[in-house]
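Contents: one structure, followed by commentary.
Every number in this text was worked out from the coordinates using simple rules, so none of it is lab data. None of the values given here were measured: they were computed from a predicted structure. As a convention, Cβ positions derive from the backbone with ideal geometry for all residues, glycine included, and neighbour counts pool all protein chains shown.
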Ligand SMILES: Cc1cc2nc3c(=O)[nH]c(=O)nc-3n(C[C@H](O)[C@H](O)[C@H](O)COP(=O)(O)O)c2cc1C
Ligand code: SF4
Ligand code: FES
């Protein structure tokens, strides 16, 4: 039993799922037994706060702090109340280049469920949803089975393990669209509406699903909970190599020898992840840059390889750790085409609510297409720069989708400016040579 | 005919029972709009105008409002689709690893472009956002099945008669 890789200790090489029996044989649901009736919700909250766990969905918001905003003297907490509080697991995972939650869901569904029961107990939620993208059919079936098994064991349902805590849990497959992963849009989708994000405040912690207090957390975040409750905040902090705590699911995709996803101490140097785990670049390819944490993070380059992969270090380098799954741009792939693919994606996925995103992103995509296809004009560089300023500024748009879309574009213009300009002066893409227009 | 009979004429008893079970979980009927669309789609493959109106009527909302919801979501089909939907990932890692030529292969083999359905109604080809399997790029789904590390050779086999039974 590996204590320094808690999240993947039940992950087998063939990625076969861990069922209830195997999960419990390896110490599963001990966290639940340890907490139920022995720790008050406030004790659990303090433990999570002290652990310094930060949300693994991309923004890195401290989990304990988020939970602390949920009103606890709410009428919903009174026995017999018919008002609900909600816990939602965000298993939408549609960020390009991100494939970490799938592994956790398919290999160890009970770890997530145990974490969710403890999270719900801490915030006083009586209804929990796992909002999962519809394409994750295998995980959906496993989670439904796992929930049924928990009911049979008395881990879910009324009076869990003889306490007065009760919890219903539902798996809710999405109907598609990347924006459903944004937490307030997710809540709109759960309410049966178009998935438009909502204005904050009010924050979901106070007024979320059906106007009731709601916590939305990422799969990986919730998978950490029972380990922390069981082993304590200090153990968790000691796992990290830097000031961040715990482990992180890191991934690498692109032209590397061994693309994949690994749980490593948070703060592992980027070079180590790329070389020791991903096996370095495929023969005949060189790395030109990489997005450290999914499609909506800024490019980093060679000079950043020795940085520690944690929230603050990557933030200081001008990017974001995001989801922790890196996408490698190699020297035989066109950076303009790479950025164009991403901006087209964000443009297509815009929910259409606000103008800079709805109208601005298709414009960016069009300019990038012009440049890539050899129709670019010198002034297009200024147009792109202006778009980055207007669309990329937080506060100009209703949610973070549009600013996220501008991150690879802004940093692409910075690091690969020569490639953009060469497309314009040569009237063609020097990676494809043939002129498409 | 009463409104209710009218509705039953379009939606089956089974569909109505499934929708009503969802209504128990939501404070207002419109809250089950997406669930209801998915239920009817699971039975019929897609949401016709007729189905849309019947669902809207059952949930006490206007058909226009329900259509606004239906057309927002990529996996609610407002046009008929084939028996299996092919979801080809066209996000950045799969793009670097050749999803465009994969699409060409599929199109040549099945004789359909993006968004089209084969004449025998077996397949509809659709683009899809990152399928969360980028370490195995390029990937696609056929119905519920994910296919990883697909190349022109292996993709040819996927659509051969009997390929699914292997
Ligand atoms: C456009 C957009 C898409 C997002 N998609 C996801 C997602 O698929 N999964 C996820 O966990 N968080 C996603 N997020 C972040 C969520 O809004 C939210 O911050 C997160 O689920 C909170 O969980 P955490 O505190 O555990 O990180 C997305 C955010 C934006 C702006
Ligand atoms: S930024 Fe884009 S996705 Fe977000 S609310 Fe505005 S239009 Fe919708
Ligand atoms: S980019 Fe295709 S699966 Fe992620």
In degrees, nearest 10, the alpha-carbon axis of helix A:380-392 is tilted away from the dominant principal axis of the alpha carbons of chain A by 20 degrees
CD proxy, 222 nm, the protein assembly as shown: helix-only mean residue ellipticity via -39,500 (n - 2.57) per DSSP H run with n ≥ 4, per residue, nearest 500, stands at -12000 deg cm²/dmol
With Cα coordinates, the longest principal axis of chain A makes an angle with the long axis of helix A:401-415, in degrees rounded to 10, of 40 degrees
Dimensionless Rg/Rh of the stretch A:87-142, both radii on Cα and Rh by Kirkwood, sits at 0.98
Chain A: relative contact order from alpha carbon pairs under 8 Å, six or more residues apart, as a whole percent, is 15 percent
With label points set 7 Å from each Cα along the Cα-to-Cβ direction at residue A:33 and residue B:64, the distance between them in nm comes to 6.0 nm
A student applying the Cα gyration tensor rule (rounded when a/c is under 1.5; otherwise prolate if a/b is larger than b/c, oblate if not) would label the stretch A:6-239 rounded
Taking only the alpha carbons of the stretch A:242-341, the radius of gyration and the largest Cα-Cα distance, Dmax, both in angstrom, are 12.5, 37
Length gained, residue A:306-residue A:24, 0.36 nm per residue minus C-alpha separation, equals 97.6 nm
In cubic angstrom per residue, the convex hull of the stretch B:84-165 built on its Cα atoms measures 80 Å³
Rounded to the nearest 5, the percent of DSSP beta bridges in chain B running antiparallel is 55 percent
extent check for the stretch A:310-376: Cα max minus min per principal axis, descending, whole Å, gives 37, 36, 17
With Cα coordinates, the longest principal axis of chain A makes an angle with the long axis of helix A:355-372, in degrees rounded to 10, of 40 degrees
At the level of C-alpha centres, the distance separating the stretch A:112-150 and the stretch A:365-437, in angstrom, is 41 Å
For the stretch A:335-436 the mean separation of alpha carbon contacts under 8 Å (6+ apart) over residue count, i.e. relative contact order in percent, is 34 percent
Between residue A:152 and residue A:3, the two model label points (7 Å from Cα along the beta-carbon direction) sit apart by a distance in nm of 3.2 nm
Mean other chain Cβ within 10 Å across B:83-96 is 6
Expressed in angstrom and ordered largest first, the alpha-carbon extents of the stretch A:387-437 along the principal axes are 40, 22, 14
Over its alpha-carbon atoms, the stretch A:192-244 yields an Rg and a Dmax in Å of 16.0, 43
Expressed as a whole number, the average count of other chain Cβ atoms within 10 Å around the Cβ atoms of A:96-109 is 3
Within the protein assembly as shown, the percent of DSSP beta bridges that are antiparallel, given to the nearest 5, stands at 45 percent
Cα-Cα pairs in the stretch B:3-72 separated by more than 14 Å, as a whole percent of all pairs, come to 51 percent
Stokes-Einstein, Kirkwood over Cα pairs, the stretch A:117-191, 20 °C, 1.002 mPa s; D in µm²/s equals 160 µm²/s
So residue A:141 and residue A:43, fully extended at 0.36 nm per residue minus their Cα-Cα distance, gain in nm 31.9 nm
The rounded separation in angstrom of the Cα centers of the stretch A:324-358 and the stretch A:254-322 is 18 Å
Computed Rg/Rh for the stretch A:295-437 (Cα atoms; Rh = Kirkwood radius) stands at 0.97
For the stretch A:208-295 (alpha-carbon point model, no solvent) the Debye-based log₁₀ I(q)/I(0) at q = 0.18 Å⁻¹ works out to -0.88
Percent antiparallel among DSSP beta bridges confined to the stretch A:6-239, rounded to 5, stands at 10 percent
Stokes-Einstein, Kirkwood over Cα pairs, the stretch A:288-346, 10 °C, 1.306 mPa s; D in µm²/s equals 136 µm²/s
The stretch A:133-266, convex hull of Cα, quarter of hull surface, nm² -> 11.7 nm²
Averaged over the residues of B:65-75, the number of partner chain Cβ atoms within 10 Å of each residue's own Cβ comes to 5
Taking N as the residue count of chain A, its alpha carbon Rg divided by 2.2 N^0.38 Å gives 1.01
Kirkwood Rh over alpha-carbon pairs of chain B plugged into Stokes-Einstein at 20 °C, 1.002 mPa s gives a D in µm²/s of 122 µm²/s
The percentage of Cα-Cα pairs in the stretch A:54-166 separated by more than 26 Å is 24 percent
So, relative contact order of the stretch A:156-301 in percent, Cα under 8 Å, 6 or more apart, is 10 percent
Fewest to most Cβ atoms within 10 Å: B:93, A:247 sort as A:247, B:93
